[in-house]
Every structure is written in structure tokens, then in C-alpha cells.
Amino acid sequence: MRGKYFRYLYENLDGGLFHTGNIYDKEEKKSTNYIYMVGGYCRNVKKEQKPGSYSFRMTHLSGFSENPLRYIEEDVISYQIDILVLGCYTVKYVNRLIDIVKEHEIETLILPYLAPIQRLMLEEEAKSGSQGGRHFISFLQDPYKFLKKFGVENVYFLYGNGEAIDREPEELEQGFHFEVIDDELRRLIWKMEGYFVPVVRAGYIVENGWLFYFGMYGLDMQSISGFILDYFSNDENICELSENIQEDYTAHLGRLAQNYMRKFGNVPITSVIMFEGPLYAFPSENDSLMTEKEFSRKERCEICARYERNGTGACMIGCTYRKDHDVMQHHKGKGVEEMRFGMLMLGNVNLNRYVSEIITRFWRVRLRIRGVCVPNCGRGEDWNHQILEMSSSEDRVYWICGKHDITSAGVVSDIVMSAHNGRFLSVDRGQGCCFAGYIIPKEDF
């Protein structure tokens, strides 16, 4: 029997959202494993609060160090990762990215492009919290060379957005579709980096019958370039070196950081967002199922046993036989033309600044969105209730949020009270959630 089986798993690690996914094509015997990860971020918090941040399957594993990533890897992350997406640069999640890159085989890595001065500010932030090790600093100094050194096959740094999808997903071609940046911007990046870096406009990937559609939002390079030129054109910022070079460097860096934060301190953080969903999911042609379950820390996801047995990582939804769950089946009704099996990860994007652009870019896939990841752990300053209108429908829509001290009660209230069919899922140190299902041609029954 033909068919595609899929799983979307969400966990809270270090106060951020860690999403692993798998698509398995039974006929082709092809499995696609991917990760989207983004850490919570707040510039106004000088000392990070203790978030709810542990894997909810810790109790089932032994023989590993106290690193939450180890527990996840044992359960659901295969050695080979086809697509890895870093939604935003934060100290903890850059460290987590480095761990994954070192210990896994990565085919494609997608992450935002940050200028050297932006990476320098993150490096100083890490040093102040004693969180930046040797590999962390090496990565920030030259991300592309670092990633290639550890064998990442394809690296795409995203800056800006390419043309929005203007066709139905099922009409899109297989493969990677990213637009090149213009010549002026390429020269500017070359000048800042000292060599060619593969920076592209956000586009889309069609892989194993699934669409991965990206958007990138944040500070523009022209503003950063202008700041650097203005800063170093001021004679006061160019000091003669004394006998103590280290003191001179520290003082100069402090002054640069102070000026940078004065200029860009309130500018929304740069972030990559992603939609994922099947290309072909029509009720008239397919029999299908999608379920949602929550798992406590004391429970073990069925994927563990299934992975060991079939070696594919494919979710066979065995947990539905022993646990209460939601079943999405409105698409089986008359007159319904497509299924809502897609998910939208909003990263750490500031919706107050970018909500209109996001709605415009993802308008073509809005009717396919079943779940939305609340940006930046539900931080109120990054929220705009207009995003609720994008996915409003008669179907239930899930809003997944990584619980953190910065989570706003107002955001939760907006979601819960906005519509009778909106459901808020808090992913914390004790609870994760999973969406899983299948799409099978009716002629195969």
C-alpha cells in the first residue's frame, strides 16, 4: 500500500521550541528527517531566568550526560538530518546547533545571515554569561567555514525574501528554490566577510512530497553598513594604542557595543520562519488521518520503539490505541477541498513589525495551516493579534508555545478567547505535544 506517514513533535529545551519532524513515503521507502529550532530571547533580561526546559522523556534513558539534547537524540533524531533550520541566533541555541552539527550528518542547513558586527554582539553577550566556548566563538567568527569543516553538505544563509509562492503547492517543482541576492548586496557581504558566502533570499524546498516554505525578517544590511561607516569616520572612535593592548581592545569594544545598542537596541531580532505541509492532500483523492497528543515527562513516545523496529523513524501512530487524543476529520465532510495538515513556525519574529508582510507571503498556504508556533515563547512585545485572522476557520487550530518566564498572559488570553476552535498548547519542562498522521490514495483501499 502506498502512502505518506508524518509526525511533528514539539518540545521545550532551554526555554525555546525544539521541533523534529519526519515524513515517510511507504512506496518509495524514503524517509525525510528535519529539525526547526528556536530559543526564546529578550534583550531586557540581563540574567536569564530559569525556564521550563527539560526533555519530557528524560526518565526513560540512561547512560548519558545531563544534556537535554542527548535525550532527544536517543529518541527521535536520526544520525542523518536532511534539513536543519535555526530560526534565530541566541546563545543557547547556537550552542545547541553546534552540538548537533558535530554529532550528526547534516545534508542541508538553513539559518539567518547576520553581519560580522551582529555576531560580535552575540559573542560579547555569551562572554558576559560565561556561555561561549571555543567552538561557539569559532562559529560566530566564521559560520560558513565552521559548518563546512564539520561536513554540512549544503548551507543557505537567508537574507530578505524571494518572490512569494504564486501557485498552489501541488504545482511546485521538486528541489531547492532560493533566489540569489543582488550584485550590490553580494559585494557588500563580500566586503564584510572577506570572501564569498552563500547568502540567498528566502524561498522554498519541495522534498518527499512536502513543502518547506521560508520567510526571513530582520535588520537590513544597508543600515548596518551605514552604522559602521559613520562610527569609524568619527575620530573619537579611532584611538591610539597604549602599552596595554587588551585594555584598549576591551574599552573600544565596549564603546562599539554601546553605540550599536543605542542605534539598534529596539530593532526586532532577525528570524527565519517556516511553513511545512504536504503537497497533495485532497479529500476527494486521499484517505487521511491527523491526530494531536500531549505527552508528559513520564511517558515515552511510541516513535522510540517503532524507530528501532523499522529503522525509518516513521511514526505509526501506535499511541492512539492507549491515549486520549484529538482527531482532525472535518476534511471528510462534503464540500471540503483540501486538508489542514500544515504547520507554521513563527520563530522569534516581531509580529508588531512584520505581521502584514507575513500574512501576504503565506497567504497561499493559509488554508492548509493546522498549527502555529507562537513567536518568541509568547513574549508580549512580539505579539500582534492580527495573526489570528490568518488561520481563522471552522477547523480547530493549535497554537504551540514554549513556556518561559517571558510568556505573556495577554498573548495566551488573545489565543484562547479569540475563537471557540482555537486551542493553546503550552510546551514546558513536563509536557510536549505531537501531531501525527497519514495520507493514503483512496484507490489503494
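The values are calculated or read from the model by the stated rules, or taken from the named source; none is laboratory data. On a predicted model such as this, the values are computed, not experimentally measured, just so you know. Counting neighbours? That spans all protein chains shown, and the Cβs are built from the backbone with ideal geometry, glycine included. Just so you know, the surface numbers come from the protein's heavy atoms only, side chains and all, with ligands and any DNA or RNA stripped out. Shrake-Rupley method; radii C 1.70, N 1.55, O 1.52, S 1.80 Å.
What the table below lists for this structure:
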read-out: Qualifying residue in segment 368-379 (condition: of a type in the set (A, V, I, L, M), out of contact with any Cys (no Cβ under 8 Å at 6 or more places or on another chain), crowded, with 23+ Cβ neighbours inside 10 Å and closer than 24 Å to Phe212 by Cα); value: yes
read-out: Hey, Glu107 open to solvent by 20 Å² or more (accessible area, probe 1.4 Å) and at pLDDT 95 or above or not; value: yes
read-out: Number of the condition not met by Arg96 [criteria: (1) surrounded by 17 or more Cβ atoms within 10 Å (Cβ to Cβ); (2) at pLDDT below 90; (3) part of a helix (DSSP H, G or I)]; value: (2)
read-out: Any chance Leu158 is modelled with pLDDT of 95 or more, under 16 Å from Tyr89 (Cβ atoms) and outside any helix (DSSP H, G or I); value: yes
read-out: Where a residue in segment 411-438 is more than 26 Å from Tyr24 (Cα to Cα) and its partner, wherever it lies, is of a type in the set (S, T, N, Q) and open to solvent by 20 Å² or more (accessible area, probe 1.4 Å), with Cβ under 7 Å and at least six apart; value: Ala419/Ser392; Gly430/Ser296
read-out: Residue ID - least open to solvent (accessible area, probe 1.4 Å), chosen from residues in segment 228-266 that are modelled with pLDDT under 85 and within 27 Å of the chain's Cα centre (by Cα); value: Gly265
read-out: Pair list, Cβ < 9 Å and 6+ apart or interchain, from segment 144-163 residues that are in contact (Cβ under 8 Å) with a residue 24 or more places away in the chain and open to solvent by 20 Å² or more (accessible area, probe 1.4 Å) to residues that are among the polar types (S, T, N, Q) and in a strand (DSSP E or B); value: Glu153/Thr108; Asn154/Thr108; Tyr156/Thr108
read-out: Any hit, segment 214-227, residues being among the hydrophobic types (A, V, I, L, M, F, W, C), on the phi < 0 side of the Ramachandran plot and modelled with pLDDT under 85; value: no
read-out: Residue list for segment 1-36, filter: part of a strand (DSSP E or B), among the acidic types (Asp, Glu) and under 16 Å from Lys92 (Cβ atoms); value: Glu11
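Residue-by-condition table, conditions (1) modelled with pLDDT under 50; (2) open to solvent by less than 40 Å² (accessible area, probe 1.4 Å); (3) β-branched (Val, Ile, Thr):
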{"residue": "Leu17", "(1), (2), (3)": "no, yes, no"}
{"residue": "Thr20", "(1), (2), (3)": "no, yes, yes"}
{"residue": "Tyr24", "(1), (2), (3)": "no, yes, no"}
{"residue": "Thr32", "(1), (2), (3)": "no, yes, yes"}
{"residue": "Tyr36", "(1), (2), (3)": "no, yes, no"}
{"residue": "Gly40", "(1), (2), (3)": "no, yes, no"}
{"residue": "Arg43", "(1), (2), (3)": "no, no, no"}
{"residue": "Lys46", "(1), (2), (3)": "yes, no, no"}
{"residue": "Ser65", "(1), (2), (3)": "yes, no, no"}
